[in-house]
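No lab work stands behind these numbers, since they all come straight from the coordinates. Not measured: the values here are computed from a predicted model. Neighbour counts run over all protein chains shown; Cβ positions are idealised from the backbone, glycine included.
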Amino acid sequence: MGHRGRRARKKKKKTKRLTLCHEPRFVELRRWLKERGFRSKLLIPAHFGDTGRGLMVTSPIKANGMLISLPEQCLLTTSTVLGSYLGEYIKRWKPPVSPLLALCAFLIAERHAGSLSKWKPYIDVLPQTYTCPAYFSDDIINLLPPGLRVKARDQRERVWELHSSSAAFFASLQPLLREPAVTLFSHDALCWAWCSVNTRTVYMRHPQSPHLSTEPDVYALAPYLDLLNHCPQVQVTAGFSQANRCYEIRSVQGCSKFHQAFICYGPHDNQRLLLDYGFVAPGNPHAVVYVDLDILKLCLNDRDKQLPQKLLFLKEHDFLMNLTFGFDGPSWRLMTALRLLSLKPEQYACWKSVLLGAVVCKDREEWTVQTALMLCKILLEESSKALERLSHLKEGADTTLTEQLSMVEFLRREEQAILGQSQELLGLQRQPLPSQPGFA
């Protein structure tokens, strides 16, 4: 039985990854990259049970070893666009288009070109759709946590605004097209291109072009490199090497043979990851629940005549933003803001001391903990209602809607876990406090 158990475990482990390097689209991509100078076989595309598509290491990588070095000729930048058939149209257009719009227009045009596109092998491996909020309907956005809800609407509105404000520019490209520009450069097409650039680009600062707007030109789409998945615990160094004329990524910890290679986009919580990249990371050590001002006010006494002054003081000292709960309980910023809001009129002279971490007297400390618990309760109730509405939307949902709902559900479940843990930790603090020096 033990022997069969080990074999079963080994078999199960093997099924967790499936190489994709023999799929025609990846064969074509590798051939295309080789023509442009990329010949490394250290990373191969594979499907992983936990993360989906990614890159697997074929040989051990030592600490600080090179993970990938992608030649400049493989990168898609605004220089690529300006040197293409779109270049003359962009250079003539006034006022100049933004670097982002130039890249979006190029992606849409190249997808339209099909087999005639020089970038077809890359276009073919790009996702057909994304789970960024730009794609979400009102029903989905309304299920997001309050702060993220506002940012999601803003993202969706930015894409709509970019599309409507670019209609005349898109129409100017008609001589290059085989179908009406208004059809080709639809909102859906721009949304796809916008998400492709914003979720898959690497940071690379370029010289300011006189043919583009003054917005920072920091985009570079990096074929193959963008197959690397994000892991919060991984450390890498990344940047464009002027000496080698390559975009290089080195692994700080190294990576074992046949394991998935990861990169890290930064210390982002899952709300930020969903907003900027369209995914969430299980086990994210940076996961938090945000406390917005509207939620905070629900716990405050509106009969407190000094409340407006307190809130103004917190705003002036940047203490009304990034108030959070984490798996280790309420953040220092949140508890500091609550301690200040708890102060009585005779304690106002100590406001600055409180912001520096001074201890509040026993009854004010108890009020602070009780208010934090009340915040947890309000946020948990709001989250439960969202999950209930979400369960109804899942009934009969298609694949696209199911993927979007899964992202929102993950956030809400994570939120409940964080708040539940915070409640337990705060409950321990409600035990009788010993007398301690503080403000009278």
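Tabulated values for the structure
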{"quantity": "Among the residues listed as 356, 380, 312, 307, the single one being under 21 Å from residue 270 (Cα atoms) and out of contact with any Ser or Thr (no Cβ under 7 Å at 6 or more places or on another chain)", "calculated": "380"}
{"quantity": "Where a residue in the range 165-186 is among the charged types (D, E, K, R) and its partner, wherever it lies, is in a helix (DSSP H, G or I), with Cβ under 8 Å and at least six apart", "calculated": "178/112; 179/112"}
{"quantity": "Whichever residue in the range 261-299 is part of a loop (DSSP other than H, G, I, E, B) and in contact with a Leu (Cβ under 7 Å, 6 or more places away or on another chain) and, among such residues, is surrounded by the most Cβ atoms within 10 Å (Cβ to Cβ)", "calculated": "291"}
{"quantity": "Unique residue being touching a strand residue (DSSP E or B) at 6+ places or on another chain (Cβ under 7 Å) and not polar (S, T, N, Q) when the list is 144, 190, 221, 162", "calculated": "221"}
{"quantity": "Checklist (1) farther than 23 Å from residue 64 by Cα; (2) in a loop (DSSP other than H, G, I, E, B); (3) touching a residue at least 24 places away in the same chain (Cβ under 8 Å) applied to residue 194, failing item", "calculated": "(2)"}
{"quantity": "Answer from 253, 242, 260 - the residue that is free of Cβ contacts under 8 Å to residues at least 24 places away in the same chain and either more than 23 Å from residue 196 (Cα to Cα) or of a type outside the set (Gly, Ala, Ser) (or both)", "calculated": "242"}
{"quantity": "The range 301-317, subset of a type in the set (A, V, I, L, M, F, W, C) and buried (at least 17 other Cβ atoms within 10 Å of the Cβ), residue farthest from residue 191 (Cα to Cα)", "calculated": "313"}
